[in-house]
Amino acid sequence: MPAAPAAASPVVRRLAAVSPEQLEALAELLIDCVDGGASVSFMQPLTMARALSFWRGIAAEVERGERVLLVAEDGLGLVGSVQVVLAQPENQPHRGDVSKMLVLRRARRCGLGAALMKAAADAAREHGKSLLVLDTASADAERLYARLGWQRCGVIPGYALLPQGGLCDTTYFYRRLDQ
């Protein structure tokens, strides 16, 4: 039996528009993460139709310039994504929200999360942002964010449901980009 093809080193890039093929790959990424237990706003089972609907909404915000969408791809396809929400209230033009940092289970623990977060910070700076905020329900992500210089603000107990049910806490972080 031939060996599976090796994945090339992932490349992170920004999408200015999202093609139908990319929508499907992003939906598969989201489903993989939810199936793996990630608390990213969706419950199991996450259908392809629901995942596609979510990404169509994100694609519309990207095209309107309200959100940056970064993707990571290797030789086998799309393996990760992260978003920076640029559209903020008028009294917070300096702030952006990092949202939905997702990595396929097969591509984790290879530095991809760090690469996506660096690209998110760079994109935020390009848009004049000096402060980023995010929240996470993942202990692994907490360690990554702390390692990348994010400051932990605190924990809200019982904030959301895990995809398979049951309450989980969420931890808030911020990062100043002008330091």
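The values are calculated or read from the model by the stated rules, or taken from the named source; none is laboratory data. All values reported here derive from a predicted model rather than from experimental measurement. Quick reminder, even Gly has a Cβ in these numbers, built from the backbone with ideal geometry, and neighbours come from all protein chains shown.
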**Top-ranked residue of region 140-179 - restricted to ones that are touching a strand residue (DSSP E or B) at 6+ places or on another chain (Cβ under 9 Å) and part of a helix (DSSP H, G or I), ranked as surrounded by the fewest Cβ atoms within 10 Å (Cβ to Cβ)** = ALA146
**Item:** Index of the failed condition, ASP169 passing every other in (1) charged (D, E, K, R); (2) more than 17 Å from LEU15 (Cβ to Cβ); (3) at pLDDT 95 or above; (4) under 15 Å from the mean Cα position of the chain (by Cα)
**Value:** (4)
**Asked** Does ASP178 count as touching a Leu at 6+ places or on another chain (Cβ under 9 Å), at pLDDT below 95 and more than 21 Å from LEU15 (Cα to Cα)?
**Response** yes
**Fill in**
In the set LEU167, LEU161, LEU177, LEU144, the lone residue that is within 21 Å of ARG67 (Cβ to Cβ) and of a type in the set (A, V, I, L, M) is LEU177
**Complete:** Expected output for region 15-33 (first residue under 18 Å from LEU76 (Cβ atoms), partner surrounded by 15 or more Cβ atoms within 10 Å (Cβ to Cβ) and modelled with pLDDT under 95, Cβ below 6 Å, 6+ apart or cross-chain) is none
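Which residue, of GLY80, GLY57, GLY65, is at pLDDT 95 or above, assigned to a loop (DSSP other than H, G, I, E, B) and over 25 Å from GLY154 (Cβ atoms)? Talk me through it step by step, then tell me what you get.
Numbers: GLY80 fails: assigned to a loop (DSSP other than H, G, I, E, B); GLY57 fails: assigned to a loop (DSSP other than H, G, I, E, B).
The match here is GLY65.
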**Request:** Of the conditions (1) within 11 Å of the chain's Cα centre (by Cα); (2) surrounded by 20 or more Cβ atoms within 10 Å (Cβ to Cβ); (3) without any contact (Cβ under 8 Å) to a residue 60 or more places away in the chain; (4) assigned to a strand (DSSP E or B), ALA72 clears all except one; give me its number.
**Result:** (3)
**Prompt:** Got at least one residue in region 60-69 being buried (at least 18 other Cβ atoms within 10 Å of the Cβ), in contact (Cβ under 8 Å) with a residue 24 or more places away in the chain, out of contact with any Leu (no Cβ under 7 Å at 6 or more places or on another chain) and of a type in the set (Asp, Glu)?
**Reply:** no
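Pick from ARG125, ARG108: which is surrounded by fewer than 20 Cβ atoms within 10 Å (Cβ to Cβ), closer than 26 Å to GLY36 by Cα and without any contact (Cβ under 8 Å) to a residue 60 or more places away in the chain?
From the options ARG125, ARG108, the qualifying one is ARG108.
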